[in-house]
Amino acid sequence: MAERRTAEAPALAGNAEQRLISDPATIEGAPWVRDAWSQLERLVDTGRLPHGLLLHGRMGAPMTALVETLARRLICHQPREGWPCDECSACRQAEQGSFPDISRLADDPAHRDIPVDVIRDLIAGAWFTRYGKVRLVLIERIERLNRSSGNALLKLLEEPPDSMQFLCTVEQIDRLLPTIRSRLQRLRLREPRQSELAEWWRKSLNCTAEDANLLAFADDPSWVEEGELVFDWEAVTGVWVELSNRRGNPLGMIGPWLALPRPMLARWLLRLWAAVARRQAGLEGDLPQALEPAVDQLAKAHDAAQWLAVQTRLVRFAVEAGHPLHPELSVEQLALDLVDPRLARRLEPIV
Ligand SMILES: [Zn+2]
């Protein structure tokens, strides 16, 4: 755990991480972030970086590297070739988490909402600039603001002190309050290609290309532990193949599905189905070899006319997955419907 500042600025709940690491290697290794860095560098060099900057794109280590390195670049006294120097007093303090002129709400999966008290604390601390040059306000995953914390922040966004620099990130921009969104200038990071993601996983985890392909296919950093997916993807995928054979009792096959959190199951099945659809359409994809047999069998077991019915059913399951009631029943119903996707369509009006 990094150091927390306690002296002048109030401590903020959920912002334990105050260290800013300059990380050119991660930025260089993630092409979709490297492109954004080039743009940002030009804006900084020409003095045109918006004071309310909103970086919109996928969260994860590359985005964190981008925000922290940019913050470091802004406070560094003697940047070298565009990167923070790592040697000046500001760089050293930031590296240790003791740079005084920063207020940060780091991304924290445990806090899905940013409470209004946290924003009030942030605002109270944000008016003091001890170092002089710039006051950084970092809010990661800013869509976590709720209505009251958003309104509290809005006052600061509307009339910020001249020295204040907002660096915010957002992943689900449709969840961000429109009033906040309109006060920030958005820079959209492009979506990484699956091959870029795979290469990034391969380098950062030092795993095989095939494992990296699978991780890129899963496309969710929270599913990865020690270089592997946290669930038995072979068993989970196998259930669907078994179901599509239409032999035996479907409810006897779904053990691996019941062992999985439903949102995770829903997303995995949707990814698989997208791969099946690409296969049926004759499109080439970056499908991991290990998934080829399952995707082939699923493609053969369904005709193109069923595509929409299955897709609709999976999306409905994904929506239901957030609902606390009857997790087992909803998985069982999904299995029964997938045996005959047309059934799902017939059931639609009475659900
Ligand atoms: Zn420096």
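The values are calculated or read from the model by the stated rules, or taken from the named source; none is laboratory data. Here the structure is a predicted model, which means the values were calculated and not measured. Here the Cβ positions follow ideal geometry from the backbone for every residue, glycine too, while neighbour counts run over all protein chains shown.
Data overview
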| read-out | value |
| --- | --- |
| Whichever residue in the stretch 46-76 is within 16 Å of the ligand (Cβ to nearest atom) and not β-branched (V, I, T) and, among such residues, is surrounded by the fewest Cβ atoms within 10 Å (Cβ to Cβ) | L74 |
| The stretch 333-345 residues that are within 13 Å of Q311 (Cα to Cα), paired with ones that are buried (at least 16 other Cβ atoms within 10 Å of the Cβ) and at pLDDT below 80 (beta carbon under 7 Å, 6 or more apart) | D337/A344 |
| Matching option when the condition is in a helix (DSSP H, G or I), of a type outside the set (D, E, K, R) and within 27 Å of L197 (Cα to Cα), among V295, V310, V331 | V295 |
| Those residues of the stretch 112-134 which are part of a loop (DSSP other than H, G, I, E, B) and in contact with a strand residue (DSSP E or B) (Cβ under 9 Å, 6 or more places away or on another chain), in sequence order | D113, W127, F128, T129, V134 |
| Near pairs, Cβ below 9 angstrom, 6+ apart or cross-chain, from the stretch 68-86 (under 13 Å from Q165 (Cβ atoms) and modelled with pLDDT under 95) to any residue that is more than 8 Å from the ligand (Cβ to nearest atom) and among the small types (G, A, S) | I75/A94 |
| Unique residue being in contact with a Leu (Cβ under 6 Å, 6 or more places away or on another chain) and of a type in the set (S, T, Y) when the list is S98, S204, S103 | S103 |
| Search result, residues across the stretch 100-117 that are buried (at least 20 other Cβ atoms within 10 Å of the Cβ) and farther than 18 Å from L66 by Cα | D101, I114 |
| Test: residue in the stretch 296-303 that is under 16 Å from D219 (Cβ atoms) and at pLDDT 90 or above | no |
| Index of the failed condition, A321 passing every other in (1) surrounded by fewer than 16 Cβ atoms within 10 Å (Cβ to Cβ); (2) aliphatic (A, V, I, L, M); (3) more than 29 Å from E199 (Cα to Cα) | (1) |
| The listed residue being out of contact with any Ser or Thr (no Cβ under 9 Å at 6 or more places or on another chain), more than 23 Å from E28 (Cα to Cα) and in contact (Cβ under 8 Å) with a residue 12 or more places away in the chain, out of S222, S149, S163, S182 | S149 |
| Residue within the stretch 86-103 that is under 27 Å from the mean Cα position of the chain (by Cα), within 16 Å of the ligand (Cβ to nearest atom) and of a type in the set (S, T, N, Q) present | yes |
